[in-house]
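Asker: Handing you this structure, nothing more for now.
The values are calculated or read from the model by the stated rules, or taken from the named source; none is laboratory data. Keep in mind the model is a prediction, meaning the values are calculated, not measured. With ideal geometry, Cβ positions are generated from the backbone for all residues, glycine too; neighbour counts draw on all protein chains shown. With ligands, DNA and RNA removed, areas are computed over all heavy atoms of the protein, side chains included. Shrake-Rupley method; radii C 1.70, N 1.55, O 1.52, S 1.80 Å.
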Amino acid sequence: MAATYLPTLKQLQYLVALNDSGHFGRAAEACFVTQSTLSAGIRELETLIGVVLVERTRRVVRFTPLGERIVDKARRVLREADELGDLARAAGRPLSGEMRMSVIPTIAPFLLPRILPRLRREYPELKLFLREETSGQACEQLNHGRTDCVLLALPFACGEVEAAPLFEDRLFVAFPEGEMDPTPTIRPADIDPNRLLMLEDGHCLKDHALAACNRPELRAEATMLGTSLHTMVQMVDNGLGVTMLPQMAIDAGILDHTHVTARPLDAENASRQIALVWRKASPRERDFRLLAQVLAETA
């Protein structure tokens with residue numbers, strides 16, 4: 001019987017990296033190999049299966065239709081291979097070994113400084129690698145197996161995931177001192193749509209805030225230009241408008257040393273739910289639920 005030669009995981013990693021980056025040099029950097037090594041690995045894969053997967057020209061890398069299908073399959077194979085290691089880790093000590101967690105930018109700078117010291121102290125064998133990215137990017141990384149779990153604000157459509165709710169994070173309206181009436185709360189009707197500053201598309205906080213206000217004209221007329229909550233606060237402090245902030249940012253001192261005032265938004269669903277999410281049927285579910293418990297207690 002003739003021997004059967006199967007693609008190696010390394011070859012599949014090279015192929016997926018090239019598909020992600022669209023550039024041989026950047027793909028090689030992502031795989032920590034030389035460009036010639038990566039190119040040779042993909043050519044060996046093409047020779048092995050007897051088809052061209054990648055059309056190479058001087059200016060562009062283009063995958064063939066079959067190449068795209070094989071990349072999708074390669075992602076699943078690599079994710080399953082990762083989960084083999086997860087099975088072994090899950091059978092050992094809780095919260096040990098490597099874990100890749102994505103955190104959205106409207107959570108990372110405010111929550112991580114509170115939770116990381118406890119994790120380092122109580123679970124010293126956990127090597128937690130963090131990525132800060134928008135909700136859509138984080139969920140894509142999760143579903144492609146490039147991250148293990150995501151610290152996310154719900155509601156947000158993240159695919160086939162399990163979620164462990166951690167706590168409710170109330171929404172506030174932030175404005176220059178003296179601009180709005182000194183009432184205990186701010187109603188959506190009190191917000192001038194021409195003065196509202198919001199984060200750029202891709203940040204789920206914007207969608208949560210606009211949904212809570214339930215004023216279509218706010219979405220149409222608000223200025224979407226902030227790249228971070230700290231930038232938004234600086235613009236408000238300079239009198240350029242008003243914005244929405246989560247309570248965790250205010251509790252972390254984002255308004256310190258500014259002339260910005262914040263009041264709770266008086267509306268239904270004027271909060272977002274902070275949660276830890278992971279892929280369904282992950283062999284590390286026990287670890288993720290333990291991590292969620294630690295996060296909820298510390299936050």
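Asker: For the range 212-299, divide the Cα radius of gyration by the Kirkwood radius and give the resulting Rg/Rh value with two decimals.
Answerer: My calculation puts Rg/Rh at 1.08.
Asker: Specify the angular offset, from 0 to 90 degrees and rounded to the nearest 10, of the alpha carbon long axis of helix 65-90 from the longest principal axis of the alpha carbons in the chain.
Answerer: Taking the Cα atoms of the chain, the angle to 65-90 is about 80 degrees.
Asker: I need the calculated FRET efficiency for the pair Asp192 and Glu68, taking r as the beta carbon distance and R₀ as 51 Å, to the nearest 0.05.
Answerer: Efficiency, rounded to the nearest 0.05: 0.60.
Asker: Do any GluC sites (Glu not before Pro) in the range 207-273 lie in a DSSP loop with no more than 16 other beta carbon atoms within 10 Å, and if so, which?
Answerer: Sites meeting the loop and neighbour criteria: Glu268.
Asker: Which residue fluctuates most in the GNM of the chain (Cα springs below 10 Å): Asp287, Asp207, Asp256?
Answerer: The residue that fluctuates most here is Asp256.
Asker: Please calculate how many Å² of accessible area the range 230-285 carries per residue, with a 1.4 Å probe and no DNA, RNA or ligand atoms counted. Don't jump to the answer; show the numbers that get you there.
Answerer: Details: 2380 Å² over 56 residues.
That works out to 42 Å² per residue.
Asker: Once amide H atoms are placed 1.01 Å from N in the peptide plane, what residues at a sequence separation of 5 or more from Arg215, or on another chain, have their amide H within under 5 Å of its amide H?
Answerer: Sorted by chain and number, the residues that satisfy this come to none at all.
Asker: Phe167 to Glu285: extension gain in nm, 0.36 nm per residue of separation minus the Cα-Cα distance? Don't jump to the answer; show the numbers that get you there.
Answerer: On the way: separation 118, 0.36 × 118 = 42.48 nm, distance 1.94 nm.
Once the chain is fully extended between Phe167 and Glu285, it gains 40.5 nm.
Asker: Could you state the accessible area per residue of the range 94-228 in Å², with a 1.4 Å probe and every protein chain left in place? Please report the intermediate quantities before stating the final value.
Answerer: Numbers: 6260 Å² over 135 residues.
For the range 94-228, the per-residue accessible area is 46 Å².
Asker: Between Glu140 and His230, what length in nm is gained on full extension when 0.36 nm per residue of separation is reduced by their alpha carbon distance?
Answerer: Separation in residues times 0.36 nm, less the Cα-Cα distance, equals 29.8 nm.
Asker: Additional query: Which one of Leu95, Leu18, Leu111 has the biggest mean-square fluctuation once the chain is modelled by GNM with Cα springs under 10 Å?
Answerer: Highest fluctuation among the options: Leu18.
Asker: Round to a whole number: what % of the accessible area of the chain belongs to carbon and sulfur, probe 1.4 Å?
Answerer: The C+S portion of the solvent-accessible surface of the chain is 51 percent.
Asker: Amide H to amide H, which residues 5 or more places from Leu126 or on other chains are under 5 Å from it, using H placed in the peptide plane?
Answerer: Placed amide hydrogens put Gly97 under 5 Å from Leu126.
Asker: Now for a separate question. Among Glu168, Glu160, Glu122, which one shows the highest mean-square fluctuation when the chain is modelled as a Gaussian network with alpha-carbon springs under 10 Å?
Answerer: Comparing Glu168, Glu160, Glu122 in the GNM, the peak value goes to Glu122.
Asker: Considering every pair of different Cα atoms, what Kirkwood radius, in Å, is found for the range 69-177?
Answerer: With all distinct Cα pairs of the range 69-177 included, I get 15.9 Å.
Asker: Okay, moving on. With no other cysteine's Cβ closer than 4.7 Å, which Cys residues of the chain count as lacking a disulfide-compatible partner?
Answerer: Unpaired cysteines in the chain: Cys31, Cys149, Cys204, Cys213.
Asker: Specify the angular offset, from 0 to 90 degrees and rounded to the nearest 10, of the alpha carbon long axis of helix 108-122 from the longest principal axis of the alpha carbons in the chain.
Answerer: 60
Asker: Further question on the same structure: Based on the Cβ-Cβ distance from Leu48 to Ser96, what FRET efficiency comes out when R0 is 30 Å, to the nearest 0.05?
Answerer: After rounding to 0.05, the efficiency reads 0.25.
Asker: Return the label of the correct value of volume of the Cα convex hull per residue in Å³, as calculated from the structure shown, out of (i) 175; (ii) 186; (iii) 123.
Answerer: For volume of the Cα convex hull per residue in Å³, the calculated option is (i).
Asker: Determine which lysines satisfy two conditions relative to Lys10: a Cα distance under 21 Å, and not lying fewer than 8 residues away in the same chain.
Answerer: Cα-Cα hits under 21 Å: Lys73.
Asker: What distance in nm lies between label points placed 7 Å from Cα along the C-beta direction at His23 and Arg59?
Answerer: It works out to 1.6 nm between the two label points.
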